[in-house]
Amino acid sequence: MPAFSLDPPQTAWCAELRTLAAERLRPLAEKGEPGHVNRALVAELGQLGLLERLFTSGAVDLCLMRESLAYACTEAETALALQGLGAHPVHAHGTPAQRDRWLPRVAEGTAIAAFALSEPAAGSDAAALELRAEAGLEEGPGEGLEEVPGEGLVTDPLAAESAPAAEPDGTARWRLTGEKCWISNAPEADFYTVFARTTPGAGARGVTAFLVPADRPGLGGTSLDMLSPHPIGALTFDAVPVTADDVLGEIDRGFRVAMGTLNLFRPSVGAFAVGMARAALDATLAHTAERDAFGGKLKDLQTVAHQVAEMALRTEAARLMVYAAATAYDEGAEDVPKRAAMAKLLATETAQYVVDQAVQLHGARALCRGHLLEHLYREVRAPRVYEGASEVQRGIIAKELYTGREAAQ
């Protein structure tokens, strides 16, 4: 695969995005309430046409947006990314009715989307999720129906071992019961892409994706107070009704929906991290060039100059890997899962290193509340955990390597 480089139009667009983020988006971000959805900021992203590009562009374009916005306004970057993460399954797997109802509003910034996969006991091991989609009917038991403990209402107790078929008229129904946790935009989203277990004991093969509007009866939630004050919460499902019309993709094939979404967004998480690393690096260059220390400028100390060089080296290496993975996704390469995992792993670990070193070189001033690096220090930690922790990415990489070796033999 050829080395990645920006062409002149892409370079100009990235510069424009950084300016827009600084001049139009950051003021709105600063007015937002920490820990809550900033609808004014999301609406401005829609007004600028950036949310529409989530559905009309490829992975490289997504990475360019996330890196550029992250450089100047991490809140705007996160708001855009969460809209894409929550709505992409609808774009990729939704029915015409689902897409027509929700995607125009997501693009306008008038509907907030959320991706609900993680659970209190199923974070890194996403295939172990326990939110139950129990077969049943919206109305009470009718003639010939029998209650099966833990499985809902079925006409035949033996049928409890498999999920109901999705009928063309959408009459097949489930009740969602359980919890989700660490869900971005919860509990304030307008709809959720929810992954629930339709076949008990089947692991990843027994999960179905549902589009669940926030106003469904039995759906509740609470906000969580996190290190970086993004809108993140927990959801509770108390027999929330869903029908075949709410299914995204195929029954019992929802894990494919989840992994397909993550394969697209993992490189762009890396782009977010690279944007933060570049912001920290530029701040460090400016500080060390101007700061007087030991009879000269801080940059004149070899140990400082070498540290800055190391920060730049790692940032550029991570950036190249991110865009190589994004290009592979856009070209339909076979090794996308491996490349996506590598890109997210290297970029997020690199950003943590670069921001930490930037704080060290700035000294105590970087620890003051409101300083750019204090802000980045809180922001940079979470990407090493969400959408697959670093340890999960290493597992994916190893699995793909051994699978490739076996296929080649």
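The values are calculated or read from the model by the stated rules, or taken from the named source; none is laboratory data. Everything quoted here is computed from the prediction, not taken from an experiment. Every residue, glycine as well, gets a Cβ built from its backbone with ideal geometry; the counts of neighbours run over all protein chains shown.
Summary of values
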| item | result |
| --- | --- |
| Residue, nearest to A280 (Cα to Cα), within region 350-365, restricted to residues that are more than 28 Å from the chain's Cα centre (by Cα) and among the aliphatic types (A, V, I, L, M) | L361 |
| Residue match in region 62-69 (condition: within 17 Å of N263 (Cβ to Cβ), within 16 Å of the chain's Cα centre (by Cα), crowded, with 24+ Cβ neighbours inside 10 Å and not hydrophobic (A, V, I, L, M, F, W, C)) | yes |
| Subset tally (residues that are part of a helix (DSSP H, G or I), without any contact (Cβ under 8 Å) to a residue 60 or more places away in the chain and not aliphatic (A, V, I, L, M)) for region 16-68 | 13 |
| Segments classed as strands (runs of 3 or more DSSP E), wholly inside region 188-286, with at least 2 members that are among the aliphatic types (A, V, I, L, M) and outside the structural domain of M321 (by TED's automatic domain parsing) | 191-197, 207-213, 232-243 |
| Unmet requirement for E379, which otherwise passes all of (1) out of contact with any helix residue (DSSP H, G or I) (no Cβ under 9 Å at 6 or more places or on another chain); (2) touching a residue at least 40 places away in the same chain (Cβ under 8 Å); (3) more than 20 Å from A258 (Cα to Cα); (4) of a type in the set (D, E) | (1) |
| Residue count for region 36-60, restricted to those that are touching a Gly at 6+ places or on another chain (Cβ under 9 Å) and among the small types (G, A, S) | 3 |
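Results for (1) surrounded by fewer than 17 Cβ atoms within 10 Å (Cβ to Cβ); (2) in contact with a helix residue (DSSP H, G or I) (Cβ under 8 Å, 6 or more places away or on another chain); (3) hydroxyl-bearing (S, T, Y); (4) part of a helix (DSSP H, G or I), shown as yes or no for each residue.
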| position | (1), (2), (3), (4) |
| --- | --- |
| A351 | no, yes, no, yes |
| V359 | no, yes, no, yes |
| A364 | yes, no, no, yes |
| R369 | yes, no, no, no |
| G388 | no, yes, no, no |
